[in-house]
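Before any comments, here is the structure.
The values are calculated or read from the model by the stated rules, or taken from the named source; none is laboratory data. Quantities reported herein were computed from a predicted structural model and do not represent experimental measurements. Cβ: placed from backbone, ideal geometry, glycine included. Neighbour counts: every protein chain shown. Note: areas computed on protein heavy atoms with side chains; ligands, DNA, RNA excluded. Shrake-Rupley method; radii C 1.70, N 1.55, O 1.52, S 1.80 Å.
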Amino acid sequence: MPRFRKKPVEIDAIQLTSTNLAAALDFISDGPDTTVDIRATADGPSIDIPTLEGTMTALPNDWIIRGVKGELYPCKPDIFEATYEAVPAPVTEMHIQFRPDPPHVSDAIRDIRRNGPPPTRR
């Protein structure tokens, strides 16, 4: 049977917790359809999210993913962990520090500039 591998694609996601409902709603509001229903559960809030396959519910600790075309969908934590890995933040600035040559190197460079390279020994 043919096998396939997921293409390396970067996505945006937020994990729904009992303390970040406002952040999760902000994340969802950036999507194409922002109409959601919120319900309280014993573990925290749940959110009904419109997806391409119909309305799906994100429960506490589920991840809410924005796909490559802006679509939203929930994902269980174990599936998310098996499928995705964190992307390092891009480097926005690079600081390079040059140290001066140690004195013996500076002396050797000065001697070569004055006298030319040392004779080779055979």
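Mind listing just one residue for me: the one in region 67-100 that is among the acidic types (D, E) and more than 18 Å from A24 (Cβ to Cβ) and, of those, surrounded by the most Cβ atoms within 10 Å (Cβ to Cβ)? Explain how you work it out, then say what you get.
Going residue by residue through region 67-100, those that are among the acidic types (D, E) are 71, 78, 81, 85, 93.
When the remaining residues are screened for being more than 18 Å from A24 (Cβ to Cβ), the result is 78, 81, 85, 93.
Details: D78: 8, E81: 11, E85: 8, E93: 4.
Only one residue fits best here, namely E81.
Looking at this structure, is G116 surrounded by 11 or more Cβ atoms within 10 Å (Cβ to Cβ) and at pLDDT below 90?
no
Residues I28, I65: which one is out of contact with any Asp or Glu (no Cβ under 7 Å at 6 or more places or on another chain), assigned to a strand (DSSP E or B), within 18 Å of A13 (Cα to Cα) and touching a residue at least 40 places away in the same chain (Cβ under 8 Å)?
I65
Within region 48-66, track down each residue that is loosely packed, with under 13 Cβ neighbours inside 10 Å and either touching a Leu at 6+ places or on another chain (Cβ under 6 Å) or among the small types (G, A, S) (or both).
Within region 48-66, G54 is the sole residue that qualifies.
Please state which of the following conditions P45 fails to meet, knowing it meets all the rest: (1) open to solvent by less than 30 Å² (accessible area, probe 1.4 Å); (2) in a helix (DSSP H, G or I).
(2)
Can you tell me which residue among T41, T55 is among the hydroxyl-bearing types (S, T, Y), more than 15 Å from I14 (Cβ to Cβ), over 24 Å from the mean Cα position of the chain (by Cα) and modelled with pLDDT of 90 or more?
Of the residues listed, the single one that is among the hydroxyl-bearing types (S, T, Y), more than 15 Å from I14 (Cβ to Cβ), over 24 Å from the mean Cα position of the chain (by Cα) and modelled with pLDDT of 90 or more is T55.
Among the residues that make up region 3-16, is at least one of them of a type outside the set (D, E), closer than 15 Å to P60 by Cβ, modelled with pLDDT of 90 or more and exposed (fewer than 13 other Cβ atoms within 10 Å of the Cβ)?
no
Within region 31-42, restricting attention to residues that are in a loop (DSSP other than H, G, I, E, B) and of a type in the set (V, I, T), which residue is surrounded by the most Cβ atoms within 10 Å (Cβ to Cβ)? Give the derivation first.
Taking region 31-42 first, the residues in a loop (DSSP other than H, G, I, E, B) are 31-36, 42.
Still in the list and also of a type in the set (V, I, T): 34-36.
Numbers: T34: 12, T35: 9, V36: 18.
Step by step, filter region 31-42, then rank; the result is V36.
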